[in-house]
Amino acid sequence: MKTSWKFFAYFICVSISSIYAETTPRFDMRDKDGIIFDPIAPRAGERLVAKCTLVGLTPSDKRHVEWSLERFNDGKNFTLAVDSDVLQFNQPVPRLQAIHGTDSPDWYLIFDPLDRDDIGNLTCRLTDTNLRDVYLTRFLNVISEPVVLESSTKDIEVNEGDSVTLICNTQGYPVPKIEWQKADAAPLSSGYIRQVGSQLHLHRVTSRDTGIYKCLASNLVGFGSEWTLKLSVRFRPFIYCQNEVGQATDFQVDVYMECYVHGYPAPKISWRKERSAGLPNMKYDTDIWNSQKYLIEATIPEMSICTDCILSRLTIINVEQADLGHYYINATSPNFPPEYGRITLYQTPDCQQFITHRDNKGCKRIYTQISSSDKLFPHYSTFHVFISLMFIRFF
């Protein structure tokens, strides 16, 4: 009889403990992904419904579920909603909605529309579980065309001989394919027109590596935006000049001489004329400025001709005998030694109209004023005319 009473007492205690024991529900995992997405493969700009379901709830068991998102692009973690309360993050147009019925085991989070930045780990978590952590996490892939991020390399300057790495950071799903090329389609330092990869390594750069570089990103969705940057290589100036130029003197005609001056930063350019000091082997230089005698012009050629170069032109107006000789162009740039170029102006018997300035008057001979006797005897000097007249008088 005592044994029966003991068994009855044990049964009563177990029943009371079962009534008052706290049961912890769990999330429904009948779907292998846990969190259900509709649609399964969402695109940026579309409406997405995410659903979590709790099982093991009793009619009197009231639970709270929190939605959070750990973004893939920047690693930041945001709490999006708790039950039906949504945090909109001060967005001008609310695009999140959370739904949960009072007696429903289902919790919904709606993105309308879905943004490309929503890619990341989406988590639904049971908040009131004492010490037990109950949650589900699913990676949210947002299908979108590529976009190049602002964290990519911007315009950059390096010294000649340095090595540099250009970085192109992109976003998009599927993972974009990244290609590098120069804007003028010139070969890269590797010798190829295009190179695949998020990083472009340039070793021991030279002035030939200067230019506009383009980062192109594409995936199965389409071709996204492109990123352009300018690589500037600081290098010592160098000059390409024509060796000599010829022109007739004492015509109403000009002559110009040209030099291509390369260098970065842009060099300071000046012109000088070599002159004789009146003694053998004694020369001196004089600076040339814009005047009635000289015109100095500078233009930037098209990139197809050269980059980081200046076309400098010196025009000598109304060429005379004293203008013949050597002309020097000087290019100076900070932190580099100066560079010189030389052009020789020589005399030609005929006027060279094609190398005259655009405002030149033309190839017209300059005549000095002569007397009436010179007009009668155009091939004789005044002295010859005087001797002839004396000879006629005595004979």
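Highlighted here are the strands (runs of 3 or more DSSP E) found entirely within region 226-338 that include at least 1 residues which are of a type in the set (Phe, Trp, Tyr): 255-264, 268-276, 283-288, 294-299, 325-332.
Name the residue, out of 137, 102, that is of a type in the set (Ser, Thr, Tyr), more than 16 Å from residue 213 (Cβ to Cβ), in a loop (DSSP other than H, G, I, E, B) and not assigned by TED's automatic domain parsing to the domain that holds residue 229.
Details: 137 fails: in a loop (DSSP other than H, G, I, E, B).
None of the other options fit; the residue is 102.
Only one of the numbered conditions (1) in contact (Cβ under 8 Å) with a residue 24 or more places away in the chain; (2) in contact with a Ser or Thr (Cβ under 8 Å, 6 or more places away or on another chain) is not met by residue 110, and that is (2). If only residues of region 50-73 that are among the charged types (D, E, K, R) and touching a residue at least 12 places away in the same chain (Cβ under 8 Å) are counted, the one that is surrounded by the fewest Cβ atoms within 10 Å (Cβ to Cβ) is 61. Residues that are surrounded by 18 or more Cβ atoms within 10 Å (Cβ to Cβ), within 26 Å of residue 336 (Cα to Cα) and modelled with pLDDT under 95 are absent from region 214-225 altogether.
What single numbered condition from (1) over 30 Å from residue 225 (Cα atoms); (2) assigned to a loop (DSSP other than H, G, I, E, B); (3) touching a residue at least 12 places away in the same chain (Cβ under 8 Å) fails to hold for residue 41? Tallying (1) over 30 Å from residue 225 (Cα atoms); (2) assigned to a loop (DSSP other than H, G, I, E, B); (3) touching a residue at least 12 places away in the same chain (Cβ under 8 Å), residue 41 fails exactly one: (1).
The values are calculated or read from the model by the stated rules, or taken from the named source; none is laboratory data. All values derive from a computational prediction rather than experimental measurement. Here the Cβ is made from the backbone with ideal geometry for all residues, glycine too, and neighbour counts use every protein chain on show.
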